Amino acid sequence: MSTLLEVNGISVTFDGFRAINNLSFNIGPAEMRAIIGPNGAGKTTFMDIVTGKTRPDTGKVLWGELSRNLVGMNEARIAQEGIGRKFQKPTVFEDQTVEENLLMAVKNKRGAFSVLFWKPSDADMNRVAELAAEIGLANELMRKSGELSHGQKQWLEIGMLLAQEPRLLLVDEPAAGMTPEEREKTTDILVEAAKTRAVVVVEHDMEFVRRLNCKVTVLHEGSVLAEGSLDHVTSNQQVIDVYLGR
Amino acid sequence: MQRSFLIKNPSVMIFLAVLTVFTILVTFSSEAFGAGIISTSFVKTLGKTLCLALIAVAMDLVWGYAGILSLGHFAFFGLGGYMIGMWLMYERTKEIVATSMAQNPIPPTAQEVVDGIGTQIFGVVGSSEFPVIWFFADSLFMQLLLVVAVPGVLAFVFGWLAFRSRVTGVYLSILTQAMTLALSLYLFQNDSGLRGNNGLSGLQNLPGVTASQDYVSIWFFWASALALALGYIFAAWIVSGKFGSVIRGIRDNEARVRFLGYSVEGYKLFLFTVTAMIAGVAGALYYPQAGIINPAEIAPIASIYLAVWVAIGGRGRLYGAVLGAVFVSLVSTYFTGGQAPDINLGFYRIQWVDWWTILLGLSFVLVTLFAPKGIGGLFDLIAERRTPDRHGADLGPDQGSLREREAEE
């Protein structure tokens, strides 16, 4: 199987604390992967490195068919390469309408001048309508996104991610603070997205991970502890000791 | 989304209508074209106020919309003033020198005229040589170009260095203030080539124009009104589209905008440079009406005043910036012009010339505490966009996670 993203032996240290320790990780072009692990295992730092927020001390992050190294590129450049990220806390632009949020995310030229002279085409507006329907916000397009409920904000953010048409989605705790119905819908959106692209989900909630029904990577102290199906990793004694058994 | 720009932004139409009516009223009350109710010096004050409103619009773009609290925009304003001042002073002096030399038995050579101008202009700083920066002073076209080019290039270089290093927030404000202070101190030196602390003077006299100041003042008033109208439309156009969405996004959550694939630095740099150019144009119209420019005009305090105007007027809405600049600068003219009657407390006499800054400081604090939307927020009362006062309590299940100040009553 070809790989879309290959993380190769990265390490990063914060003030003497080794957050990521010789971590390697591969993901294919249309694959769902869940990352679990105790607090401080390096899950968020891993995402920071892939998206360019944190620069690793050593190692490579190779991307796409050309295996280009993402280390050293800035966040905006990496996002343009096709990596989208959803944060733990829903971060949408609360002062702006749902439509404005989505339009900002829809894949188009990102340069200051092309944005300045940009006019929404029918295709853009159709795309926004389509996305809004997909995330269940079709009737909320003109509302300020600050008015949305927590779950709706999470979906809006997922919608913005999909609008970017990324080839890899990094999703940090999407189900946090959601009602059971909202979780179910979130699962559907993610599973649907994983049919055409790679999706990496960081999650604490085992029930949610089970519903994603995908390969699981367990991180511990900055490196991979176990990898495989959920049943496989949950029966691993080491995983039980460091994570599940607490 | 395909509605036209003006229909989508009714406030632009209202603003332009008010500005037009104001311009016509002032014109027909002036000494030159009408009843003479408004003195020429007050016409100049009003014209200058419009220029201040224009730089306030620029400040609102960069601060109210993009969240960059620049304390350096008055430096760009002053530079614009210096650039046009160089031409005005050169040409004016040339006329005088040429007239006096025409009396000589032998007609002067071109070099003698230039030397004569040099002696006249730089005599006060003990020099008669033209510094290199005066190279284009004889060309109106070049100096007009420099009005936007010099602030633009300075802002671009400064912004490139600052934004690239991801300096944000209060640190960026301090940097811009340091830039302003450095520029002002440099210009105070006699060998800076711009006549040190004497500055450039006699700028109200337009070379080759024999009309009285009554007329000149109205011309500049019109030019200022036109510049404000164009600047306002331009600013409204910038913030109305996706570019506006992106810069407001940068203000609210810079990191998120980066992860959407927008190069935040590029956007900030573009906006910083463009607003510096607008500030330069405003300055180029302001100082011929003021008649004199000196380095004290560029001092950091001026840029701080600018931030105060925009804050009092209401950040993040363009008409708020205009209102703040007009209101505060006119009230300031009233208090510092000796027109306000002193208040005699018996044991102490409050003289407004001294106490005005305290009043201004106090109103700034009060606005920040009790009316964060500023004067512009008053328009929300008309538009019935009131927010419920629930003292931070949550808004109940229907309203979801609506923040208090976003909710409508």
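Some notes on this structure:
- Restricting the range A:87-100 to residues that are among the polar types (S, T, N, Q) and within 8 Å of chain B (Cβ to nearest Cβ), the residue that is nearest to residue B:260 (Cα to Cα): A:91
- Within the range A:190-237, tally of residues that are in a helix (DSSP H, G or I), within 14 Å of residue A:31 (Cα to Cα) and of a type outside the set (D, E, K, R): 4
Residue by residue, here is whether (1) under 29 Å from residue B:237 (Cα atoms); (2) touching a residue at least 40 places away in the same chain (Cβ under 8 Å); (3) surrounded by fewer than 24 Cβ atoms within 10 Å (Cβ to Cβ); (4) not small (Gly, Ala, Ser) holds:
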position: B:279; (1), (2), (3), (4): yes, yes, no, no
position: B:286; (1), (2), (3), (4): yes, yes, no, yes
position: B:292; (1), (2), (3), (4): no, yes, yes, yes
position: B:308; (1), (2), (3), (4): yes, yes, yes, yes
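- Among all positions in the range A:177-191, there is no residue which is without any contact (Cβ under 8 Å) to a residue 24 or more places away in the chain, under 25 Å from residue A:48 (Cα atoms) and within 14 Å of chain B (Cβ to nearest Cβ).
- Within the range A:151-170, tally of residues that are in contact with a strand residue (DSSP E or B) (Cβ under 9 Å, 6 or more places away or on another chain), more than 10 Å from chain B (Cβ to nearest Cβ) and either closer than 18 Å to residue B:253 by Cα or modelled with pLDDT under 85 (or both): 2
- Count - residues of the range A:129-150 that are part of a helix (DSSP H, G or I) and more than 9 Å from chain B (Cβ to nearest Cβ): 10
- Selection status of residue A:43, within 14 Å of another protein chain (Cβ to nearest Cβ) and of a type outside the set (Val, Ile, Thr): no
- Among the residues of the range A:101-125, the ones that are more than 9 Å from every other protein chain (Cβ to nearest Cβ), more than 24 Å from the chain's Cα centre (by Cα) and under 25 Å from residue B:274 (Cβ atoms) come to 1 in all.
- Qualifying residues in the range A:50-80 (those that are within 9 Å of chain B (Cβ to nearest Cβ), surrounded by fewer than 19 Cβ atoms within 10 Å (Cβ to Cβ) and of a type in the set (D, E, K, R)) - the one farthest from residue A:186 (Cα to Cα): A:77
- Just one of the numbered conditions (1) in contact with a Phe, Trp or Tyr (Cβ under 8 Å, 6 or more places away or on another chain); (2) at the interface with chain A (Cβ under 7 Å from one of its Cβ atoms) is not true of residue B:263: (1).
- Of the residues contained in the range B:297-306, one or more are found to be under 21 Å from the mean Cα position of the chain (by Cα) and polar (S, T, N, Q).
The values are calculated or read from the model by the stated rules, or taken from the named source; none is laboratory data. Note that this is a predicted model, so its numbers are computed, not measured. Cβ sites come from the backbone with ideal geometry, for glycine too, and all protein chains shown count toward neighbours.
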